[in-house]
Amino acid sequence: MLDLLYLAPETLRGEATLRLLARGRIGLFVVDEAHCVSQWGHDFRPDYLGLSVLHERWPAVPRIAVTATATEQTRAEIVARLSLSGARQFVASFDRPNIQYRIEPKNEPRRQLLRLLRTEHAGQAGIVYCLSRASVEKTADFLCSEGLTALPYHAGLDPQTRSVNQSRFLREDGLIMVATIAFGMGIDKPDVRFVAHLDLPKSVEGYYQETGRAGRDGGPSTAWLAYGLQDVVLQRRLIDGSEGDLAHRRRLAAHLDAMLALCETVDCRRSQLLNYFGEASGPCGNCDTCLAPPQS
């Protein structure tokens, strides 16, 4: 007898899996990372749409959907696409008061990152996010050349290397993972002391999800981002060349505009971040714009 069966949506839709499930008695379906079902979510995965099979084949089995990052609009789409109308919604606070949010102008981002690690997070575990595989490799090599222990992680690496690097990150102390956004979903290492972005995230949802991997033990942690005009130019170019219709590109542009507003605000960053998810908040006293207000 199985107490828990954990499946990716891509696996669940296979006929062999459906036949296996049909042989047992299921007590509950849980859809994790449910924001992936939404076109407005930051990590849309088409196979999540196939989860409609759950209520079609097993209409009497209870279902719940959970995610750490969903705006009101995303929650509405989750309800619609997973046929959860009438279900109760439980929305906890999005505030992570132990994380200090900091965004600074991008000059020499790897050198800026190195200064952060040496002055504030020496010997501590953390994640560095880069936009491209090439940047991941170069950044990991740079950190290693400076005497730090850093490993790369991206979809271009062979599965065994990814698995080994991920296992080392989870087991070892003080290791730095340099990665694309391919890394992180399902990672629950409690003592990640910093999450750094060397490139502009595509959305506030993505930024929140990625920075939320820091400080899960409740200890003081840093969410640091280097941001420059070249990031905006690159992201706009990627949007213009993306697949999908005009409505899809407009969604991507709206995500980017919200992220830019967070980067450029002179008010409390945490307050603006929480407001994006529909949660009111005053100045937090633990972000860069609160600790060192911009000069007018």
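The values are calculated or read from the model by the stated rules, or taken from the named source; none is laboratory data. This structure is a prediction, so every number in the text was calculated from the model and none was measured. No Cβ is skipped: glycine too gets one built from the backbone with ideal geometry, and neighbour counts run over all protein chains shown. Each accessible area value is taken on the protein alone, full model and side chains, heavy atoms only, with ligands, DNA and RNA left out. Shrake-Rupley method; radii C 1.70, N 1.55, O 1.52, S 1.80 Å.
At-a-glance table
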read-out: Residue identified as modelled with pLDDT of 95 or more, under 22 Å from Thr67 (Cα atoms) and assigned to a loop (DSSP other than H, G, I, E, B) among Ala182, Ala214; value: Ala214
read-out: Search result, residues across the stretch 186-200 that are surrounded by fewer than 19 Cβ atoms within 10 Å (Cβ to Cβ) and under 16 Å from Pro152 (Cα atoms); value: Ile187
read-out: Residue identified as over 18 Å from Ala182 (Cα atoms) and among the hydrophobic types (A, V, I, L, M, F, W, C) among Val37, Val79; value: Val79
read-out: Only one of Glu210, Glu205, Glu172 that is of a type in the set (Asp, Glu) and farther than 22 Å from Leu114 by Cβ; value: Glu205
read-out: Subset of the stretch 217-234 that is touching a residue at least 24 places away in the same chain (Cβ under 8 Å) and part of a helix (DSSP H, G or I) - its residue that is surrounded by the fewest Cβ atoms within 10 Å (Cβ to Cβ); value: Gln230
read-out: Qualifying residue in the stretch 123-141 (condition: closer than 21 Å to Ala182 by Cα, over 23 Å from the mean Cα position of the chain (by Cα) and either surrounded by 13 or more Cβ atoms within 10 Å (Cβ to Cβ) or at pLDDT 95 or above (or both)); value: yes
read-out: Residue within the stretch 237-254 that is in a loop (DSSP other than H, G, I, E, B), of a type outside the set (Lys, Arg), open to solvent by 10 Å² or more (accessible area, probe 1.4 Å) and within 22 Å of Arg96 (Cα to Cα) present; value: no
read-out: Selection count, the stretch 266-278, where residues are open to solvent by less than 40 Å² (accessible area, probe 1.4 Å) and either modelled with pLDDT of 95 or more or on the phi > 0 side of the Ramachandran plot (or both); value: 6
